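K.L.:
First the structure, then my questions, so here it is.
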Amino acid sequence: MIKAVFLDIDNTLLSFYGYVKDTMRTGFEKYWLRPYEDWMFPVFKRINNGLWRQIELGEITFPELSDVRWNRIFAELSIDFDGHVFEKYFRSQLRLSAIPIPGAAELVDYLSGKYLLCAASNGPYEQQVNRLRIWGRLDRFAHVFVSSEVGAQKPEPAFFDGAFKVLRESELPGLKPDETIIIGDSLTSDIAGGAGYGMKTCLYQAAPTPLGEVKPDYVVHDLLEIKKIL
């Protein structure tokens, strides 16, 4: 029986990509850079995802990502501007962003009424907590587990060790991994990490894409489909 539900934040509950497009558009205007065009977003996505994958593999740290991200993006966009300046702007605006994925609010309200609900996210703690607060759903979560606070990144076992330690010492003594489920959009972070720890897994895909070797227990393309599972 499922006792606790772990929910990823970015691109599962709140749209990180929607935020990125808005911030590239407004930020490029703010700093008098070339106007944002739709072809620029895939450049961001490829570089950013590659850097986050390096974090998941333990090859770089989040501060190292922040140090190089926008300089690499600007190099490919042929934009002559200090990436460190734009990174600071990007991070300041992200802290204030809460663009919900369709169905996210209804799902969180539903799950929090049935299970112990926990957020599980990589990134800066205060940033992610503030985004849930702005969204108006922070109080639905019994715990917010964020990598900067836990001291490890998803999919590392240490991330889940830290979360389970808190749950076992508070509401759910003796909690077993197979009594939990993690819901997220990342095969490499959420699904591989949760499955490797013995948790049930549910992959959210806004659009169907090949799964590769990682096999989640459930796959949904609409968040509200999860109400039929849990």
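K.L.:
Could you count how many residues in the stretch 27-45 are closer than 21 Å to Ile101 by Cα and in contact with a helix residue (DSSP H, G or I) (Cβ under 9 Å, 6 or more places away or on another chain)?
P.N.:
Selection size over the stretch 27-45: 4.
K.L.:
Looking at the structure I just gave you, is Phe90 touching a residue at least 60 places away in the same chain (Cβ under 8 Å), open to solvent by less than 10 Å² (accessible area, probe 1.4 Å) and over 27 Å from Thr180 (Cα atoms)?
P.N.:
Criteria met by Phe90.
K.L.:
How about the stretch 22-44: which of its residues are surrounded by fewer than 15 Cβ atoms within 10 Å (Cβ to Cβ) and part of a helix (DSSP H, G or I)?
P.N.:
Within the stretch 22-44, Thr26, Glu29, Lys30, Pro42 meet the criteria.
K.L.:
Also, quick follow-up: Could you count how many residues in the stretch 103-115 are closer than 20 Å to Leu167 by Cα, open to solvent by 10 Å² or more (accessible area, probe 1.4 Å) and either without any contact (Cβ under 8 Å) to a residue 40 or more places away in the chain or not charged (D, E, K, R) (or both)?
P.N.:
Of the residues in the stretch 103-115, 3 are closer than 20 Å to Leu167 by Cα, open to solvent by 10 Å² or more (accessible area, probe 1.4 Å) and either without any contact (Cβ under 8 Å) to a residue 40 or more places away in the chain or not charged (D, E, K, R) (or both).
One line per residue, one yes/no per condition, for (1) of a type in the set (Gly, Ala, Ser); (2) within 19 Å of Asp10 (Cβ to Cβ); (3) surrounded by fewer than 21 Cβ atoms within 10 Å (Cβ to Cβ):
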{"position": "Ala158", "(1), (2), (3)": "yes, no, yes"}
{"position": "Val166", "(1), (2), (3)": "no, no, yes"}
{"position": "Thr180", "(1), (2), (3)": "no, no, no"}
{"position": "Leu203", "(1), (2), (3)": "no, yes, no"}
{"position": "Ala206", "(1), (2), (3)": "yes, yes, yes"}
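K.L.:
Are any residues in the stretch 116-140 among the aliphatic types (A, V, I, L, M) and touching a residue at least 24 places away in the same chain (Cβ under 8 Å), and if so, which ones?
P.N.:
Hits for the stretch 116-140 are Leu116, Leu117, Ala119, Ala120, Leu132, Ile134.
K.L.:
Hey, can you tell me all the residues within the stretch 181-224 that are at pLDDT below 95 and either assigned to a strand (DSSP E or B) or at positive phi (or both)?
P.N.:
The answer is Gly212, and nothing else.
The values are calculated or read from the model by the stated rules, or taken from the named source; none is laboratory data. Everything numeric here is computed off the predicted structure, so don't read it as measured data. Note: ideal-geometry Cβ built from the backbone for every residue, glycine included; neighbour counts use all protein chains shown. Only protein heavy atoms, including side chains, enter the accessible area calculation; ligands, DNA and RNA are left aside. Shrake-Rupley method; radii C 1.70, N 1.55, O 1.52, S 1.80 Å.
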